[in-house]
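Reading through the C-alpha cells given below for one structure.
Read the figures in this text as sums done on the coordinates, not as results from a lab. Please read these numbers as outputs of a predicted model, since none were measured by experiment. Virtual Cβ from ideal backbone geometry, glycine too; neighbours counted across all protein chains shown.
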C-alpha cells in the first residue's frame, strides 16, 4: 500500500516537530498505527524510538535479528516456531506483526535496458497451452517461440511435447520462417533440451542441441539460473501470444492451429509498433535486420524421435502410445525407432524392417499388410509342423508315408490334413494299421488309407465312425492319445495256472 504524500508529510512533521508518539499520530490522522510506523522506519527512525511499551518479544530481539541477517527470506511462521522453542509465550499472529520491525529492508534491483545489435541475438522458449484432443488421446500442447531480440519478430509453432527432437524442429521451422536466416547467438533457459547439467559456470550442453548449433553455426547461450530478465524478450513474446493469439481461438486440428499461428506471426504480431521507434512496425524493423542475419546452410538437418524398443512375442513395436507392425522374424529382438512428424521407421541395426505413417492417436494398431501375410504364412507353416508331429505320435508309420508321398510330388499339406481327419474319426490304432497296408501296396495317398480303414470297419461289422467336437474346449479337439497295449486286460480273463495256447 502506497502512503499518500500529504499523509507521509503530516506523519513526519508531527513526529519531528510536535514530538507526538506513534499511536497519537495514528489516532489524530485516522490511520492504522502500522502505517505510521512504516513511514517513520523508512525515514530513519529506529525501532527503539517507536516503542511505546515493553513487548514480550523484546528478550528475543537479538536472536531474531541474527537469524534474519543470515537468512533474510526466512518466513515469519518458521521464525515463530524457532522462537517458540526458545520460550516465547505469544501467539503466531501477534509475532508475525512484530517481526516486521526486525526484518532487514530489501533493496530493489535495478535493471539496465538491454540493447542488442541487429542480427546478433534471438531468444527461445517453450510455453504451455493446455491440452488437445486427437482421436482417443488427450495430449499436452506446447508452443515453441523464437523472437529476434533486435526487431522483435516472433515465430510461434505448436507441438505435442517438449522433446529434444521437437525443440530441434522448432529451430529449423523458425529459421525457414525468417527467410532462411538466423542470428549469431540463441539464448535459452536452462531447460533439458538445451542444458543437461549446470554447476556454476560449468555447463553440460545437450549433445543434440550442440549438433544443431554446429550445423547452423550459431552460439548457444544459456542464461543465468533464476535470471528471467536476461531473456525478457521471449518472456514478453509468450505473454503477448497468450493475450493476443490464444484467447477464444478455434481450430480443427493441430495443422489448422499452426496455420493460424503462422498467419498471426505474419499479421498482427508483425504489424505491431516497434518498441525502439514507433514510426516503424516490427515487420519493417525485421526487413532492416535481415541483411545482418546469418544465412542458414542449404543442407537440411534431419531430426528424428529415436527410441529403443523391445519386440515381444507378437511382431509389434510400441511407440508413442501406439503399436506398429514389424517383420515377424524380429520377435524377441531389440529394434530402433526413427520417427519424424510424418513417418515411423523401425530398424534392426542399419536395416529398415518397417515403415509406417505416424499416428498421434492412442492405442491404435498400425499394420503393414505384408507383415500380416508373412505372419499368417508363418502360422500356417507352424500349424503344418504341429499336425505332422501329432501324426508321428499317433501313427509312427505316417512318417514313411509322408516321405514317399513327398518323393512322388504329392501335396504334403493336404495329405497331412486328410490323415488328421482320419485320425480323429478312426483313432490312432486303426490309422496306423491302415497306413501300413497302404505302404505295403505302395499306394501312398489318403484315399488308399481311407479305403483300408473302411474295409476293416466293414469286415468287423462296426458302425460308421462319428467325429467328436467339443465347442467349449478347442484344445480337446486336437488332443491325441497314444494307443496302449490291451494285453493286460486279456490276462485278467485267464484262470490261474492256465497257459497261453
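In the calculated pair distance distribution of region 5-99, what percentage of Cα-Cα distances lie above 19 Å? Result for the distance tail: 48 percent. Stretching the chain fully between residue 100 and residue 313 yields a gain of 69.9 nm (0.36 nm per residue, less the alpha carbon separation). Cβ-Cβ distance of residue 250 and residue 82, R₀ of 60 Å, FRET efficiency by 1/(1 + (r/R0)^6): the value works out to about 0.65. Spin-label pair residue 414-residue 21: with each label point 7 Å from Cα along the Cα-Cβ axis, the two points sit 11.9 nm from one another. For a label point 7 Å from the Cα of residue 131 along Cα→C-beta, name the residues of region 249-276 whose backbone N is under 17 Å from it. What the label zone holds, given the 17 Å backbone N cut-off, is 254.
Distance from the alpha carbon centroid of region 127-159 to that of region 77-96 works out to 47 angstrom.
Out of all Cα-Cα pairs in region 121-295, roughly what percent, to the nearest whole number, are more than 29 Å apart? Pairs farther apart than 29 Å: 19 percent. With both residues required to sit in region 305-367, DSSP beta bridges show an antiparallel share near 90%. Here each label is just a point 7 Å from Cα along the line to Cβ, and for residue 351 and residue 62 those points are 8.3 nm apart.
Volume per residue for region 305-367 equals 71 cubic angstrom (convex hull of Cα atoms). Using R0 = 60 Å, the C-beta based FRET efficiency linking residue 73 and residue 368 works out to 0.50. Modelled this way, with points 7 Å down the Cα-to-C-beta line, the labels at residue 41 and residue 197 are 4.4 nm from one another.
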